[in-house]
1. Once every DSSP H run of n ≥ 4 in the chain is given -39500 (n - 2.57) and the sum is divided by its residues, what mean residue ellipticity at 222 nm do you get, rounded to the nearest 500 deg cm²/dmol?
2. Nothing charged except the Cβ atoms of Lys and Arg (+1) and of Asp and Glu (-1): what's the magnitude of the dipole of the chain about its Cα centre? Round to the nearest 20 debye.
3. What are the residues whose amide H is under 5 Å from the amide H of ILE134, where those residues sit 5 or more places off or on another chain and H is modelled from the backbone?
4. Go ahead and collect, in residue order, the members of region 39-63 whose backbone nitrogen is under 13 Å from a label point 7 Å along the Cα-Cβ direction of ARG263.
5. Using mean Cβ contacts within 10 Å as the protection proxy, how do 271-277, 197-203 order, highest first?
6. Which one of PHE165, GLY181, GLY123 has its Cα pushed farthest toward the positive end of the charge dipole of region 123-210, where Lys and Arg give +1 and Asp and Glu give -1 at the Cβ?
7. What residue among SER35, SER61, SER196 has the largest mean-square fluctuation in a Gaussian network model of the chain, using Cα springs under 10 Å?
8. Where the Cα atoms of region 179-278 are projected onto their three principal axes, how long is each span, largest first, in whole Å?
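Throughout, read-outs are computed from the coordinates displayed, never taken from laboratory work. Note that the coordinates shown come from a computational prediction; the quantities given were computed from them, not determined experimentally. Note that each Cβ is placed from the backbone with ideal geometry, even for glycine, and that neighbours are counted across all protein chains shown.
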Amino acid sequence: MHTNQPSERERLERAAADVRRFSDRVPKVALVLGSGLGAWADTLEDRVVIPFGEIAGMPQSGVAGHAGNLVLGTAEGVSVVTMQGRVHMYEGHPPDDVVFGLRLMLHLGAKTVIITNAAGGIGDHLDVGDLMLIEDQLNLTGRNPLVGPNDEQMGPRFVDMTTPFDVELRRLASEGAKALGFDVKRGVYVGVLGPSYETPAEIRMYRTMGGDAVGMSTVLEVIAARHLGARVLGISCITNKAAGLGHEVLTHEDVQEVAVRVRERFVALLGAVLRRLL
């Protein structure tokens, strides 16, 4: 059956052409900013802010804490592109839309991706306010952005996921944190569909499976980034103890509040990593 739907590559070309109407710079690093961290993009030098509405085919988020801009600029002397806000499958978006912004940033030239998120802590070694370098992931969303026809010009049909998160980038991040006077934790990120928070029984299951932190993003973007050959650094901000491990009732406002509280340390770590990428 033939349809008039554009291919993913055609969709990316159109979106990239819209971005280039505002700026022709080629970014080196792409950053996806999670809940409460979007303000980092406001600190970029020579920044160009492009509302998602100006970019053909760009899905827009309706979630609090996600602004909805593509921002190009310079941080620590490195040319970067970042998304203030991301869309999630729990809003009803298909996997292709969830990873579209990330694919676009790589299409603009970025080769390295830094993905951040807010996550609930499962591992006993994690406390609220910790930053965790993601060593591996469990995709429990039941979805994969590579399902469907594969464009060999974008990436291989079957993507190796032995090392989804780059070992060298994790080393640079650890070095950067030490230089700043704090330690980062490490662990496995569990990506779930949401939007309901997890039950205590689900958290016990994730712990048994080897999960250390849980959230509603990131895993599909990592698969898409690896498909396109990018190196990935993932960092979770532990904003709460997962269900059954703490005493508080979980709310999105609390998650945002902790993310904001930790922002200064998070931003300092991003800067330290970028300096080491020069």
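1. Details: 7 runs with 84 residues, N = 278.
Theoretical 222 nm ellipticity from helices: -9500 deg cm²/dmol.
2. On the way: 28 positive and 34 negative charges, 111 e Å.
For this selection, approximately 540 debye.
3. Sorted by chain and number, the residues that satisfy this are GLY234, ILE235, SER236.
4. 39-44
5. On the way: 271-277: 18.9, 197-203: 16.3.
Highest-to-lowest ranking by the protection proxy: 271-277, 197-203.
6. GLY123
7. Result for the chain, Cα springs under 10 Å: SER196 fluctuates most.
8. 44, 33, 22 Å, listed from the longest principal axis down.
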